[in-house]
Amino acid sequence: MATRLAEAQNRIALVGLAAPQTKPSPEVKVRLMRQIRAEAERKLAPVVSVPVPAKDKSRSAGDSWTRWWNTVLVPVAAVLVLATVYLWRQNLIFDQDLAILRATVQEQQDQLDEDRKVADLIAAPDTIVVPLAVQAGMPKGSARVVYNAQSGILVYDGQLEKAPVDKSYELWLVPATGNPISAGVFNPSTGKTSHWVIKLPPGTIPKAFAVTLEPAGGAPQPTGPKILVGPVS
């Protein structure tokens, strides 16, 4: 087998030597050199990798912020709004209660000041207490006047039936000389005591006190019937 193979190779070589020699054209050489150069450039060319887009950090940060806002800040903001509204309502209620309390305290203070004045008035040695008696045929009632001529302070306490719609009761200080002095117009409620303190001109010496029935709103001088009268003894 090896001998036959050697003989075949020899015959092929002889055939190649027996063929006529031809010179290749310049174009063949140029084409061959181009192919060789192209192949060499292809093998030596660097491998170009396609860049993988980097993760957008700003976008990722934005997404994280949005998620944090929706899951944390929005609920917290809602709670703060509700808490603010609740506190505002509570503060409004507190202010209203405080205003009522202040008004009540002021009213009590005024009443206390008035009670002190009455107590001081009654305790004064020159203060007189004059009971007023109902006159015959007049509405039922009773009253008293506490008066100090030196200070001019007068206190009235009394009960009378309700005055007619177009009428008012009026208290008078009848001085020793001169015209009666009005000491207050009032329209009592049924069953309730009328009470007030009034300051009159100091130094006025009374000879009596009286309550008359006058036109609604009172009159400059007595015009109606005497309902209660109390002479100063």
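The values are calculated or read from the model by the stated rules, or taken from the named source; none is laboratory data. Computed from a predicted model, the values in this text were never measured in an experiment. As a convention, Cβ positions derive from the backbone with ideal geometry for all residues, glycine included, and neighbour counts pool all protein chains shown.
The table that follows gives values for the structure above.
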{"item": "Gly230, sole failed condition from (1) surrounded by fewer than 14 Cβ atoms within 10 Å (Cβ to Cβ); (2) at pLDDT 95 or above", "result": "(1)"}
{"item": "Boolean, Pro164 is at negative phi and out of contact with any strand residue (DSSP E or B) (no Cβ under 7 Å at 6 or more places or on another chain)", "result": "yes"}
{"item": "Failed condition for Trp196, given (1) buried (at least 17 other Cβ atoms within 10 Å of the Cβ); (2) among the aromatic types (Phe, Trp, Tyr); (3) within 17 Å of Ile122 (Cβ to Cβ)", "result": "(1)"}
{"item": "Subset of the stretch 195-232 (residues that are among the hydroxyl-bearing types (Ser, Thr, Tyr) and in contact (Cβ under 8 Å) with a residue 12 or more places away in the chain)", "result": "Thr204, Thr212"}
{"item": "Matching residues, the stretch 164-203, being touching a Phe, Trp or Tyr at 6+ places or on another chain (Cβ under 9 Å) and hydroxyl-bearing (Ser, Thr, Tyr)", "result": "Ser168, Tyr169, Ser182, Ser194"}
{"item": "Residue in the stretch 94-116 that is of a type in the set (S, T, N, Q), within 18 Å of Lys199 (Cβ to Cβ) and in contact with a strand residue (DSSP E or B) (Cβ under 8 Å, 6 or more places away or on another chain) present", "result": "no"}
{"item": "Selection status of Pro188, within 25 Å of Glu114 (Cβ to Cβ), in a loop (DSSP other than H, G, I, E, B) and touching a strand residue (DSSP E or B) at 6+ places or on another chain (Cβ under 7 Å)", "result": "yes"}
{"item": "Output for the stretch 182-193, where each listed residue is at pLDDT below 90 and either of a type in the set (A, V, I, L, M) or out of contact with any Ser or Thr (no Cβ under 6 Å at 6 or more places or on another chain) (or both)", "result": "Ser189, Thr190, Gly191, Lys192, Thr193"}
